[in-house]
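Every read-out reported here was derived from the displayed coordinates using simple, explicitly stated rules and does not represent laboratory data. Treat the numbers as computed from the prediction; the structure is a model and nothing was measured. Heads up, the Cβs are rebuilt from the backbone with ideal geometry, glycines too, and the neighbour counts pull from every protein chain shown.
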Amino acid sequence: MVSIARRSRGRPPYGVTLIETVISLGILAALLMGALAAFGTMTRSDSRLADREIAMAFAHDLLGEILQAHYTDPEVAATNGPPSFGLEADELPGAGDRLLYDDVDDYHDMVETPLRSRDGTILDGANGMERRVTVEFVDPDLLMGPGSQDPIAETGLKRVTVAVSLANGPTVHVRGLRGMYSTAETVPSVESTYVRSIEVRLQLGADAVPLTSGTTLLNQIALENAP
């Protein structure tokens, strides 16, 4: 008796061919590259957002300093001298400080890099940033309209724009208005000490960059009266 063995030509046992392995690796590599690209984009976006927030803090810090200054140079106002705009001859700054700036338009055309405090101290956390200031007379009925630096165009209202440029990013702008008849120009009837502004400085940890913000009080608070 002769027996004939039959060999099945069906699908071989479970296994992975070389071609399937190569295709799988290609798909995995594509997915991994996409994930890395998305992660890199998110990281850059978070970094730019953090830089922007820091730049805004430095812009508001300087704007608060400017808005606390006199509307008009005190010496010119006291002597009824001719109208002026910008720094007077005796107000030229020293080694990067702004201690002689006493009125709003003294800050016009100020360009600062590295960023400094009013006394000239270089500010931490502002590497590569630049601050620019523009001061203009503006029409009270058209606050965001065209401005002028011509003293003849005195309107009783000055618009202050502080721009902070990042080294590898956009430029942020903050604006404020300073009126001729604001409370900061009001002379008290008796010699007094007043709270004119409030400043808040927030710092989380010794190595963190401090964030500073402040505002000028609309209603000044008298602390004590001179005898």
Taking 7 Å along the Cα-to-C-beta vector as the label spot, tell me the residue 122-residue 97 distance in nanometres, rounded to one decimal.
1.8 nm
For segment 49-185, take the convex hull of the Cα atoms, compute a quarter of its surface area, and give me that in nm², please.
8.7 nm²
Highest to lowest packing among 151-163, 114-126, scored as the average C-beta count within 10 Å:
151-163, 114-126
Protection proxy ranking of 167-174, 56-63, 204-211, 131-138 - average other beta-carbon atoms within 10 Å, highest first:
56-63, 131-138, 167-174, 204-211
Segment 49-185: antiparallel DSSP beta bridges as a percent of all, rounded to 5:
95 percent
May I ask for the net charge around residue 148, where only other residues with Cβ less than 11 Å from the Cβ of residue 148 are counted and Lys, Arg are +1 while Asp, Glu are -1?
-2
